[in-house]
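Notes follow once the structure below has been shown.
The values are calculated or read from the model by the stated rules, or taken from the named source; none is laboratory data. Keep in mind the model is a prediction, meaning the values are calculated, not measured. Here the Cβ is made from the backbone with ideal geometry for all residues, glycine too, and neighbour counts use every protein chain on show. Just the protein is used for accessible areas: all its heavy atoms, side chains included, with ligands, DNA and RNA removed. Shrake-Rupley method; radii C 1.70, N 1.55, O 1.52, S 1.80 Å.
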Amino acid sequence: MSERGKKHDRSREISRTAPVSRRAVLKGAAAMGAAAGAGVIGAPVIWAQEIKDIELRHVGVSYSVVKAIGDQAQKDLGFKVSMQNLDTSAAITRFVTQPESVDIPDLEGWQTKVAVARGILQGIEVKRIKEFDNILPIFTKGEYEAKKVSRQGISPYEAMYIESKESTKIVEGVHDWMTFMPQVYNADSMGYRPDLIGRPITEWKELFNPEFKGKAAILDVPNIGIMDAALACESRGDVTYKNKGNMTREEIDKTIDVLIALKKQGHFRATWTTFDQSVELMAAGEIIIQSMWSPAVAAVRVKGIPCIYAPVNIKDGREGYRGWCNGMGLARHLTGKKLDAAYEYLNWYYSGWQGAFVARYGYYSPVPKTAAKFMTENEYGYWYEGKPATDIIKDPYGVVMEQPGAKRDGGSIVDRFTNISCWNTVMDENQYMSRRWNEFKSA
Amino acid sequence: MLSARVRVALQVLPLALVLLVFFVVPIGFVVAVSFFHYDDFGIVPAFSPENYAAVLSEHLTLDLYLSTLRFAALVWFFTLIIGFWVAYFLVFHVRNQLVAIGLFLVCTVPFWTSNIIRMISWLPLLGKEGLINRGLIGLGVIHRPLEFLLFSDFSVVVSYVHLFTIFMIVPLFNSMSRIDRSLFEAASDAGTSRLQTVLFVVVPLVKSGIVLGSIFVITLVMGDFYVVRVMSGGSRASVVSAMFDDISVLLFPHAAANAVFLIIIVVLMVGLILRAVDVRRELVDQR
């Protein structure tokens, strides 16, 4: 984000504590900005000299590895951070085939499993993560609000710990070494056009409702598309699953057969693979309901087209969100100063700026406590607590997203994350699934 | 003085090296990986035919090839018809050679932008609320938008034809330019109609152009996954898009076996085309 944006944040932070004049805010902002540079790292000058030649390459998908965040980290930390974007498959391919070319691989749970097994990561020492105790227990303990978090698919907790720095085996329970450090996550469901549907949508089976024939779409990334389909099948009562995140061949067959039958009836207008495609399909009126990501729904709304992110709270063991989480790993080849810098970088993520940034397009930080410090009360209330906005809500780049009075679809973070049904994954029967998915595609 | 043999060898060497490094070696890797074994977390070097067995036994393979071949055939047909007449017009109807070359260059103008932009620009035209549907509704021709225009086989073929016709025009333009005009006079003296001249004089003489253009178009369609994916709205899969799905979850050996199989199929197709027309003789003889 630009210098201006940064000041903007600081001023909001100040105005939250006390009503002050605009001039005082600006002055205060300048002072805070200066203090923050030193404050965040709290490092002596020598350190600054030694690290200025360091460059960290943070590589991953565009919604997780964000240039504006890297730029801010670089400014706060004093060493160079280069953010490199690849799509999910290209990223994991690069991590496993050219691990030396990456310092901070950005990983999803399933990618972490693969990367750990192949020995390309080193453990992250829990005691070197300052805010570790403030990380939501969704990640560190696999529970939230005194409830166990779903273990269907690969929950972040499931991929979280190893026993030693060099270990290549992920283990249950809380340990001193982490495989990856969660940095951004969300709960996915469907998006729909309320103006064209005319009633609230709260169940996945609506995705397959004949009422929306020729106007529905599904996500075409086989690993997660199949789970959206499974949620809908489960909701409609077509199939019951033991574990939607790790289906048996029989469950896969049943799910794909349902999809093929729907496709033959002309139910799906399209499938989509990228964020932009899902936005375009919805905005252009091709689709009125589809599996969709929360910021994509927001992007449709910014165009002035009504679009709602369906709240799909768990009911009778059905429904629920599909959760995902991206975290940062430490490449095995990092040592010495570069490793120290990497730890600084990881800690910076939990210092709040990044948490506030991603919150403004609908994602969450694992440490909401620090993120809150960089948000106004209105923002935190809207994005995290599900409260009606008391003022205009803007996205991270300053575009107005919501008017006062608006409420976030799906409610608070607690409402959403106590209703996770399954997590993004790669199944044991993945190859079989991928083949059957392609049969659906070519049907 | 170097002997003739050494001189030839030296002349061939640079290209041979380039082909070795950038073609033979990578293909060698793909072939090697296609025999590897893999489990959930790793690829194990091995010599196992399991990936080929999987590719050849899957019903999906047949479906994908049929679907891709159908697109290849349709696109080949339309690009050939359009390409032939565009080239014919440029060569035989535009008297001024300078104008002809100018118009030929105009054909390449769309190529100043990227493939992706040219493809995506069809979306606002063909969509439910796109220009064509709105226009037709505005004129009262139709009352509901025509849905087959976008995210269908139709839209896939339209964009392929748009993207690839130039690859037909170029070799045809080239072959036609080399036809001796006096043949037309001779044909007309012998009493042929215009259509007969085209069929019995022009077509046989541009066979090599047709073959080269066909090879370009067919191999491009066989190797594509992006146009199919976007223009069909993801409702069609192609041979390569299935490989892409494999790679996205690190199923490299299976994808490699698929790739080798595709190479074999495409080589066979090109072989068949070249068998029908001996391009080398056509090109050399005409000199």
### Task
Run the quick spin-label model on residue A:257 and residue B:182: label points 7 Å from Cα toward the beta carbon, then report their separation in nm to one decimal.
7.4 nm
### Summary
On each of the three principal axes the extent of the alpha-carbon atoms of the stretch A:343-443, given in whole Å and largest first, is 49, 38, 28
### Query
Quick one: which of B:45-57, A:174-186 comes out on top by average Cβ neighbours within 10 Å, and what's the full order, highest first?
A:174-186, B:45-57
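Enter the per residue convex hull volume of the stretch B:51-286, computed from alpha-carbon coordinates, in Å³ rounded to the nearest integer.
Details: hull volume 40.8 nm³, N = 236.
Once divided by residue count, the hull of the stretch B:51-286 is 173 Å³.
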### Summed buried accessible surface, chains A and B, 1.4 Å probe, nearest 100 Å²
2900 Å²
### Query
So for the stretch A:161-265, taking the charge dipole from beta-carbon charges (+1 Lys/Arg, -1 Asp/Glu), which of A:168, A:210, A:230 sits furthest toward the positive end?
A:210
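Shielding by partners for B:246-256, please: the mean number of other protein chain Cβ atoms within 10 Å of each residue's Cβ.
Working: counts 7, 4, 12, 15, 10, 4, 3, 0, 3, 0, 0.
Per-residue shielding by partner chains comes out at 5.
Ranked highest first by the average count of other Cβ atoms within 10 Å around their residues, in what order do B:206-218, A:158-170 fall?
Top to bottom by mean Cβ count within 10 Å: B:206-218, A:158-170.
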## Note on the structure
Answer in debye to the nearest 20: the dipole magnitude of chain A about its Cα centre, from +1 Lys/Arg and -1 Asp/Glu charges placed on Cβ, is 800 debye
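Might you report the magnitude of the Cβ-based charge dipole of the stretch B:51-286 about its Cα centre, with Lys and Arg at +1 and Asp and Glu at -1, to the nearest 20 debye? Mind dumping the intermediate values first?
On the way: 15 positive and 14 negative charges, 93 e Å.
Computed about the Cα centre, the dipole is about 440 debye.
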### Message
For the stretch A:166-316, what does the convex hull of the Cα positions come to per residue, in cubic angstrom?
### Response
145 Å³
## Note on the structure
When the charge dipole of the protein assembly as shown is computed with +1 on Lys and Arg Cβ and -1 on Asp and Glu Cβ about the Cα centre, the Cα farthest towards its positive end, among A:102, B:122, B:247, belongs to B:122
#### Entry: Between the stretch A:175-215 and the stretch B:76-134, the Cα center-to-center distance that results, in Å
41 Å
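State, to one decimal in nm², a quarter of the convex hull surface area for the C-alpha atoms of the stretch B:1-152, i.e. the direction-averaged projected area. List each step's numbers first, then the result.
Numbers: hull surface 79.6 nm².
Hull-based average projected area comes out at 19.9 nm².
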### Query
Label residue A:242 and residue A:377 with points 7 Å out from Cα along Cα→Cβ: what is the distance between them in nm?
5.2 nm
### Message
Take residue A:151 and residue B:18, extend 7 Å from each Cα along the Cα→Cβ direction, and tell me the distance between the two endpoints in nm.
### Response
5.9 nm
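Suppose the chain between residue B:203 and residue B:148 were pulled fully straight at 0.36 nm per residue; how much longer would it get relative to their current alpha carbon spacing? Don't skip to the answer; put the middle values down first.
Working: separation 55, 0.36 × 55 = 19.80 nm, distance 3.48 nm.
Here the segment from residue B:203 to residue B:148 would lengthen by 16.3 nm.
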### Query
At a 1.4 Å probe radius, carbon and sulfur cover how many percent of the accessible area of the stretch B:154-287?
66 percent
#### Entry: In order through the stretch B:176-187: 3J(HN,Hα) via Karplus (6.51 cos²θ - 1.76 cosθ + 1.60), integer Hz, x for Gly, Pro
5, 4, 8, 6, 6, 4, 5, 4, 5, 4, 4, 5
### Query
So which residues of the stretch B:197-238 lose at least 40 Å² of accessible area, probe 1.4 Å, when you go from the chain by itself to every protein chain present?
B:229, B:233, B:234, B:235, B:237
### Task
Determine the distance separating the Cα centre of the stretch A:157-171 from the Cα centre of the stretch A:365-443; give it in Å without decimals.
27 Å
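For the stretch A:229-271, what is the per residue volume of the convex hull drawn over the alpha-carbon atoms, in cubic angstrom? Spell out each step's value before the answer.
Details: hull volume 3.2 nm³, N = 43.
Spread over its residues, the Cα hull of the stretch A:229-271 gives 73 Å³ apiece.
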### Message
Strictly greater than 14 Å: what percent of every Cα pair in the stretch A:356-406 meets that?
### Response
43 percent
### Query
Each residue of the stretch A:425-433 in order: what ³J(HN,Hα) in whole Hz does its phi give by Karplus 6.51 cos²θ - 1.76 cosθ + 1.60, θ = phi - 60°, with x for Gly and Pro?
7, 10, 7, 4, 8, 4, 5, 4, 4
### Per-q log10 I(q)/I(0), the stretch B:231-279, q = 0.15, 0.19 Å⁻¹ (Debye; single scatterer per alpha-carbon; no solvent)
-0.55, -0.71
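Taking only DSSP H segments of four or more residues, each worth -39500 (n - 2.57), what value at 222 nm results for chain A once the sum is divided by all its residues, to the nearest 500 deg cm²/dmol? Can you show the working numbers first?
On the way: 18 runs with 181 residues, N = 443.
Rounded to the nearest 500, it is -12000 deg cm²/dmol.
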### Task
Take every residue in peptide A:278-285, count the Cβ atoms of other chains within 10 Å of its Cβ, and give the average of those counts.
3
#### Entry: With Cα atoms, 0 to 90° folded angle of helix A:88-97 axis to chain A main axis
60 degrees
### Query
By average Cβ neighbour count within 10 Å, what is the ranking of B:103-110, A:386-393, B:159-166, A:428-435 from highest down?
B:159-166, A:428-435, A:386-393, B:103-110
### Query
residue A:199 to residue B:219: FRET efficiency via 1/(1 + (r/R0)^6), r the Cβ-Cβ distance, R0 56 Å, to the nearest 0.05?
0.65
### Query
Angle, helix A:67-77 long axis vs. longest principal axis of chain A, Cα atoms, 0 to 90°, nearest 10?
20 degrees
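Return a whole-number percent for the relative contact order of the stretch B:51-286, with Cα pairs under 8 Å and 6 or more residues apart as the contact set. All intermediate terms of the calculation are to be shown ahead of the outcome.
Values: 230 pairs, mean separation 65.6, N = 236.
Relative contact order comes out at 28 percent.
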### Task
Using only the alpha carbons, work out the radius of gyration and Dmax of the protein assembly as shown in angstrom.
29.8, 100
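Please give the contour-minus-distance gain from residue B:117 to residue B:189: 0.36 nm per residue of separation, less the Cα-Cα distance, rounded to one decimal in nm. All intermediate terms of the calculation are to be shown ahead of the outcome.
Values: separation 72, 0.36 × 72 = 25.92 nm, distance 4.91 nm.
Gain on stretching residue B:117 to residue B:189: 21.0 nm.
With every protein chain kept in place and ligands, DNA and RNA left out, what is the accessible area per residue of the stretch B:51-286? Probe 1.4 Å, answer in Å². Don't skip to the end; give the middle numbers.
Numbers: 11760 Å² over 236 residues.
Solvent-accessible surface per residue comes out at 50 Å².
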## Note on the structure
A correct Karplus calculation of ³J(HN,Hα) over the stretch A:285-293, with 6.51 cos²θ - 1.76 cosθ + 1.60, θ = phi - 60°, whole Hz and x for Gly and Pro, returns x, 5, 10, 10, 8, 6, 5, 7, 9
#### Entry: Cβ-derived FRET efficiency at R0 41 Å, residue A:87 paired with residue A:335, nearest 0.05
0.85
### Message
Using only Cα atoms and rounding to the nearest 10 degrees, what angle (0 to 90) does helix A:249-264 make with the longest principal axis of chain A?
### Response
70 degrees
### Message
Skipping prolines and chain starts, which residues have an amide H placed within reach, meaning under 5 Å, of the one on residue A:188, given they are 5 or more residues away or on another chain?
### Response
A:322, A:323, A:324
### Per-residue mean of C-beta atoms belonging to partner chains within 10 Å, peptide B:57-65
3
### Query
Given the C-alpha centroids of the stretch A:263-309 and the stretch A:84-106, what is the distance between them in whole angstrom?
29 Å
### Task
Please list, in chain and number order, the residues 5+ apart from residue A:143 or on another chain whose amide H is under 5 Å from its amide H, with Hs placed from the backbone.
A:138, A:149
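Rounded to the nearest 20 debye, what is the charge dipole size of the stretch B:8-120 about its Cα centre when +1 sits on each Lys and Arg Cβ and -1 on each Asp and Glu Cβ?
It comes to approximately 800 debye.
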#### Entry: Placed amide H near residue A:54: partners under 5 Å, 5+ positions off or other chain
A:80
